[in-house]
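Engineer: Next up is a structure, given as structure tokens.
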Amino acid sequence: MEYLDFELPIKELEDQLDKCQIIGQESDVDVTNTCKQIEKKLEETKRKIYKNLTAWQRVQLSRHPNRPYTLEHITTLTKGTFLELFGDRNFKDDKAMIGGLGKIDGQSFMLIGQQKGINTKMRQYRNFGMANPEGYRKALRLMKMAEKFGVPVVTFIDTPGAYPGLEAEERGQGEAIARNILEMCRLKVPIICVIVGEGASGGALGIGVGDRVLMMENTWYSVISPESCSSILWKSWEYKEQAAEALKLTSADMKKQKLVDDIIPEPLGGAHYDKETTFKTVEQYIMKAFNELKDLSTTELVSQRMDKYSKMGEYKE
């Protein structure tokens, strides 16, 4: 298990507990009461830390290397029924954007999302979850296929942003994302979006327009990352914590602003502490959202989606 800076008190107590248990196993000394005291203090420390997280600490948790990524969500939720589909039928297959058909709780879905990679080699292969234009065009191709056959769409958002390279701009990065937003607004099947990690900029919006947008508790969703915001406003990354607070990018902030529909709770410590519980909870929220949408007519579905996004940003002076 890897620990973040603010989790070091937890690491110290867990190390003490391990040593205490080893002493009990290797000697005749009764350490039961001592272990219980350490366990009690460990639980109290965890609750104190995780119930009072700052915006920047939630950003750190969303990037935790042990956190389940999109492909792990998909393969677990579909229980071996996932059939991955490849290519945008125009340029090439983008490894940062994955998609295909699978069944969740017996219901067929078109599942699409960004995949970061679980180690250095895979992160390079997946381009760190930063999709090129062909990735967004692949996603749109799969969504239009789902529309043709009446299959609902689920997207998993986890990206530091769309790839900002010269070649991506040359192939029409902005147009590809804008086209996806337009087409998703009028897609004639239910769309459920789940933010499972980072939700940064247009890279997230390219697959983020949905009838229901669900946000996991320790994730973030914003037009810009705290580091980039800090570098623009203060010419330095040192103010990233201040930027994170100002951006109002946490799940609670987004729900309060009515930019997401629901928050998916995570186990104490984050999704990586109890993956089994995490996957079960995500499945429950996806199926709940689908059951709310499945009986709507095509006209009602598109109309409600349009109304939802038209009302975002309204305010009175």
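The values are calculated or read from the model by the stated rules, or taken from the named source; none is laboratory data. Here the structure is a predicted model, which is why all the values come from computation and not from measurement. When we count neighbours, we look across all protein chains shown, and the Cβ atoms used for this are built from the backbone with ideal geometry, even at glycine. Accessible surface areas use protein heavy atoms only, side chains included; no ligands, DNA or RNA. Shrake-Rupley method; radii C 1.70, N 1.55, O 1.52, S 1.80 Å.
Engineer: On average, how much accessible surface per residue is there in the chain, in Å², for a 1.4 Å probe, leaving out ligands, DNA and RNA?
Structural biologist: Spelled out: the 1.4 Å probe surface of the chain, per residue, equals 51 Å².
Engineer: Could you compute the net charge surrounding Asn291? Neighbours are other residues with a C-beta less than 13 Å from the C-beta of Asn291; K and R count +1, D and E count -1.
Structural biologist: -2
Engineer: At a 1.4 Å probe radius, carbon and sulfur cover how many percent of the accessible area of segment 232-317?
Structural biologist: 49 percent
Engineer: Turning to a different aspect of this structure: Quick one: dipole size for segment 1-159, taken about the Cα centre, charges +1 on Lys/Arg Cβ and -1 on Asp/Glu Cβ, in debye to the nearest 20.
Structural biologist: Rounded to the nearest 20 debye, it is 980 debye.
Engineer: Same structure, new question: Taking Lys95 as the anchor, which lysines have their alpha carbon closer than 18 Å to its alpha carbon, excluding any fewer than eight residues away along the same chain?
Structural biologist: Lys116, Lys121, Lys138
Engineer: Ratio of segment 23-81's C-alpha Rg to 2.2 N^0.38 Å, to two decimals?
Structural biologist: After normalising by residue count via 2.2 N^0.38 Å, the value is 1.81.
Engineer: For every other residue with a beta carbon closer than 13 angstrom to the beta carbon of Gly150, add +1 if it is Lys or Arg and -1 if Asp or Glu, then tell me the sum.
Structural biologist: Spelling it out: positives minus negatives among the neighbours equals +3.
Engineer: For n ≥ 4 DSSP H runs only, could you compute -39500 (n - 2.57) per run for the chain, divide by its residues and tell me the 222 nm figure to the nearest 500?
Structural biologist: Rounded to the nearest 500, the figure is -15000 deg cm²/dmol.
Engineer: Which of these, Lys256, Lys103, Lys275, has the largest mean-square fluctuation under a Gaussian network model of the chain (Cα springs below 10 Å)?
Structural biologist: For the chain, modelled as a Gaussian network with Cα springs under 10 Å, the answer is Lys256.
Engineer: Given a 1.4 angstrom probe, I'd like the percentage of the accessible area of segment 54-130 that is carbon and sulfur, rounded to a whole number.
Structural biologist: 54 percent
Engineer: Based on Cβ point charges of +1 for Lys and Arg and -1 for Asp and Glu, what charge dipole magnitude is obtained for the chain about its Cα centre, in debye rounded to the nearest 20?
Structural biologist: 980 debye
Engineer: Turning to a different aspect of this structure: Ranked from the most accessible area to the least, with a 1.4 Å probe and all protein chains present, what is the order of Trp237, Trp220, Trp56?
Structural biologist: Trp237, Trp56, Trp220
Engineer: How many Å³ per residue does the convex hull of the Cα positions in the chain occupy?
Structural biologist: Here the figure is 166 Å³ per residue.
Engineer: Please list the non-local residues whose amide H lies under 5 Å from the amide H of Asp262, H modeled 1.01 Å from N, same-chain partners needing a gap of 5 or more.
Structural biologist: Those lying under 5 Å, H to H, from Asp262 are Val213, Met215.
Engineer: When DSSP assigns beta bridges and you keep just the ones with both residues in the chain, what percent turn out antiparallel, to the nearest 5?
Structural biologist: That works out to approximately 35 percent antiparallel.
Engineer: In the neighborhood of Leu259, defined by Cβ-to-Cβ distances under 13 Å, what is the net charge if each Lys or Arg adds +1 and each Asp or Glu adds -1?
Structural biologist: Once positives and negatives cancel, what remains is +3.
Engineer: Continuing with the same structure: So which of Lys40/Lys248; Lys103/Lys248; Lys148/Lys308; Lys79/Lys288 end up more than 29 Å apart, counting from Cα to Cα?
Structural biologist: Over 29 Å Cα-Cα: Lys40/Lys248; Lys103/Lys248.
Engineer: Which listed residue (Leu268, Ala252, Ser225) has the Cα farthest towards the positive end of the charge dipole for segment 167-317, taking +1 on Lys and Arg C-beta and -1 on Asp and Glu C-beta about the Cα centre?
Structural biologist: The one lying farthest along the dipole's positive direction is Ala252.
Engineer: I would also like to ask the following. At 0.36 nm per residue, and after removing the present C-alpha to C-alpha distance, how many nm does the segment from Glu12 to Lys248 gain when stretched out fully?
Structural biologist: Using 0.36 nm per residue and subtracting the Cα-Cα distance, I get 81.8 nm.
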